[in-house]
Amino acid sequence: MLEIIQDYWLTFLIGQYPNGPLGGLAMTIIVAVLSILMSFPIAVAFAMARLSAFGWLRAASAGLVNLVRGIPLLMLIFWCYFVIPIMTGYAVSGFWTLVCALTIYEAAYLSEVIRAGMASVPKGQTEAARSLGGGYFLTMRGVILPQALFNVLPGITSQFISTIKETSLGYVIAVNELTFAANQVNNLLLTQPLQVFTILAAIYFILCFVLSRGLSRLETSIRRKRGLL
Amino acid sequence: MNFLLPPDQWAMLFGGLRTTILLFAIAWIGAFALALILVIVRATDYRVCRWSVDAFVAYHRNVPLLVQVMFWYFAMPELLPEGIRFWLYDHNAEFCLAAIALALGSAAYQAEDIRSGLRAIPGTQFEAARALGCTYMETMRFIVVPQALRISLPPLVGRALLLFKNTSIAMAIGVAELTYRTREIENLTFNTFTIFGIATVLYLLGTFSLMAFGSWLERRATPGRKERHHA
């Protein structure tokens, strides 16, 4: 196992990068960060739509969110894989296909998290802001969202960690990420799947475990600084 | 758009759907049984037991399901005794190994859900039941477990939904379930929109009926609701 790490650690970390496309762990992290960043504004918009005063907007956003939550991510990835090239007229790389699919998928789940946070802000806050003359958007931006987003920080970070894990599905459409790199190594070695997949699982485990522990530490320290603990 | 598929493709698709449902059912039953065992083992006083259950849960929560499935498919057979390995290769190894991987992954999450349900029951409930003369088993059977299951029902339904959707990951190791069949038919016909549309509708039917069943269960499990129905 140590030998495999010694020979192939660069493949696991960055793929064939200097001589080929970037891949491996670096790609996994790039895809995850990009998708969560892109899905965040969409999720906030959808959370606002689901709590809006207009019935049709609530119904439409709820329908869309439930549609995305009702199908497997793999199905969504295949939809993007086939539909985006037809819609845009360009051949889209696997990378952007995966980022698009993850953005849509995470936006649906994240909007539920954020909606719960917004619903848990006491109604008096909205009423006070409105009676002070703040419009809808000022109330949202200045009063409701800062409180709601802070309260659901744990939910957002755990969504980020599941995004990291979900990038592994890019393997199915041949995106050059960590799982794909491990399979390449496995195909080169042929005889040591046990070692290769143990390394693969260990990398994901360390990444996600350390991140989730670290982020929850960070949250506690922020809460403590704000005098909430 | 040609909406209706030829009958042989419908047959392929429904064969895939049957595999999906079978995979889900087997994995769910295995996961629930294993989750109960994990909860009981976790509740014992031995530090080794607690530690190993925690490690099991941490592994399955922090490693992608696809990697877990691949690990079982590519790596695990090496560790199995020869007899079991040959038996597996004779009996649809992909399906069996995918079902095991899915069951283990879901069990880790379900165990956490059940455990937090148990933790939510105040200790006084247990003490009161014992003070009224119930035995340990009676206390568990009639007082603690029914309340705990009621609390953990919503997250357990959510887990079941996730498990149903995650069966699609088994296509990566060649289990001929719904997503796999969809891809196969798409490759044959290039009738992309129709076939993916049908598969999506089938998945949605599955998840929505699971959701409906879940909320029916929750309504049944909540005391007082039934009486309100009659009134």
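Since every read-out is calculated from the coordinates, none of them should be taken as a lab result. These numbers come from a predicted model, not from an experiment. Cβ: placed from backbone, ideal geometry, glycine included. Neighbour counts: every protein chain shown.
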Computed label-point distance, nm, for sites B:Glu218 and A:Trp56 using a 7 Å Cα→Cβ extension | 3.0 nm
If you line up the Cα atoms of region B:100-231 on their principal axes, what length do they span on each, largest first, in Å?
-> 70, 40, 17
Between the Cα axis of helix B:47-62 and the main Cα principal axis of chain B, the angle (0 to 90°, nearest 10) is 30 degrees
Average other protein chain Cβ within 10 Å of Cβ, residues A:64-74 = 6
For peptides A:173-179, A:128-134, sequence by mean Cβ density within 10 Å, most packed first = A:173-179, A:128-134
For region A:74-119, report the convex hull volume of the alpha-carbon atoms normalised per residue, in Å³, without decimals.
-> 72 Å³
Assertion target for B:Ser168, B:Ser209, ordered by fewest C-beta neighbours within 10 angstrom first, is B:Ser209, B:Ser168
How many Å³ per residue does the convex hull of the Cα positions in the protein assembly as shown occupy?
-> 229 Å³
For peptide B:74-87, compute the average count of partner chain beta-carbon atoms within 10 Å of each residue's beta-carbon.
-> 2
Furthest towards positive pole of dipole, B:Val57, B:Ala120, B:Met76, structure part region B:1-124, Cβ charges | B:Ala120
Taking Cα atoms only, helix A:193-225 is inclined relative to the longest principal axis of chain A by an angle, in degrees rounded to 10, of 30 degrees
